[in-house]
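Here's the structure, in structure tokens; my notes come after.
Please treat every number below as a calculation from the coordinates, not as lab data. These figures come from a predicted structure and were not determined experimentally. When we count neighbours, we look across all protein chains shown, and the Cβ atoms used for this are built from the backbone with ideal geometry, even at glycine.
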Amino acid sequence: MTSRGRTKQKPPFEPGCVPAPGELLVWRDSQHFDRWQDLPCELCDKPTPMRSHSGEPVHKACAEDWITANPVEARRGRFASNLAPKPNSKGQGDHS
């Protein structure tokens, strides 16, 4: 028996580095965005389609502010950037 529709969820994806306080998170992966449902942010209670690596509903700006306000606890990795993708060709980086 197989499930149908939107019930199939991707497994959590591996987080990268925790940015230093005051730096920005890199959340370019589409798994950080839930296009079907806004949930209350864990930090400010306002609705957000954004999700952390663990699926926690949180605005990216709220997560960055939390890292700045809680630098010691932030090292545990509650919020982290995406793993940096490997470049497709030598010396090109993000530019083609």
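Sort the following peptides by mean Cβ neighbour count (other Cβ atoms within 10 Å, averaged over residues), highest first: 62-70, 45-53.
62-70, 45-53
Treat the stretch 21-79 as a sphere of radius equal to its Kirkwood radius over Cα pairs and apply Stokes-Einstein at 10 °C in a medium of 1.306 mPa s; give the translational diffusion coefficient in µm²/s, rounded to a whole number.
The estimated diffusion coefficient comes to 137 µm²/s.
What's the local net charge at Cys41, with K and R +1, D and E -1, over the other residues with C-beta under 15 Å away?
-3
Can you give the extra length, in nm with one decimal, that the chain gains between Gln37 and Asn70 once fully stretched, where that is 0.36 nm per residue apart less the Cα-Cα distance?
The Gln37-Asn70 span can extend by a further 9.1 nm.
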